[in-house]
Amino acid sequence: MTEEEKIVDFATVRDLLLGAQGRRKDLTYEQRAALFHAEWAASDNRNGYPTDSEVFATLKDAIAELPAFEKYPELAAKIAELMPLSEIEIKAVMASRRASIDDGDVNTVIELVRQHVGIE
């Protein structure tokens with residue numbers, strides 16, 4: 001995967017845009033809109049717990065090792081970003097690529113999210 005194709009989380013996008021804002025003193029309209037969205041998406045206002053780049057990376061890698069995600073690294077990244085705790089959310093993400101996932105892998109994903117996010 002090249003640098004242009006690298007999958008990043010909202011916290012990383014937020015940090016990159018804040019860095020650009022600090023260097024340039026101004027962002028374009030599109031960059032400001034992306035920054036506002038990334039700030040919201042990386043906060044605990046979105047799903048009850050904030051996004052952390054390190055947690056995202058380790059969770060994405062753990063999910064990508066599951067057989068259901070071998071051909072779909074982008075879906076592993078999406079699930080790592082969403083941090084879903086229900087079967088329906090995971091199946092909805094998989095359905096976006098018409099990929100199937102068995103109940104064992106769904107339960108494994110939920111357990112991985114709980115472990116990495118620190119939810120009991």
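Bear in mind these aren't lab numbers, they're just calculated from the coordinates by the rules spelled out. Bear in mind that the values here come from a model prediction, so they are computed numbers and not experimental data. Glycine gets a Cβ as well: all are built from the backbone with ideal geometry, and neighbour counts include every protein chain shown.
Annotations
- Calculated on C-alpha atoms, the gyration radius of region 1-85 divided by its Kirkwood radius gives an Rg/Rh of 1.02.
- Helix axis angle, 29-41 relative to the chain longest principal axis, alpha carbon, degrees: 40 degrees
- Straight-line cross-link partners of K78 among the lysines, defined as a Cα under 18 Å from its Cα and at least 8 positions apart when in the same chain: K6, K60, K91.
- A simple count of charges around L66, restricted to other residues whose Cβ falls under 12 Å of its Cβ and scoring Lys, Arg +1 and Asp, Glu -1, yields -4.
- Nearest-ten-degree value, helix 53-64 long axis tilted from longest Cα axis of the chain: 30 degrees
- The label point for S86 and the one for K6, both projected 7 Å from the Cα toward the Cβ, are 3.5 nm apart.
- The Rg/Rh ratio of region 56-113, with both radii computed over alpha carbons and Rh defined as the Kirkwood radius, is 0.89.
- Between the helical axis of 73-82 and the longest alpha-carbon principal axis of the chain there is an angle of about 70 degrees.
- With the simple model of a label 7 Å out from the Cα in the direction of the Cβ, Y49 to Y29 spans 3.9 nm.
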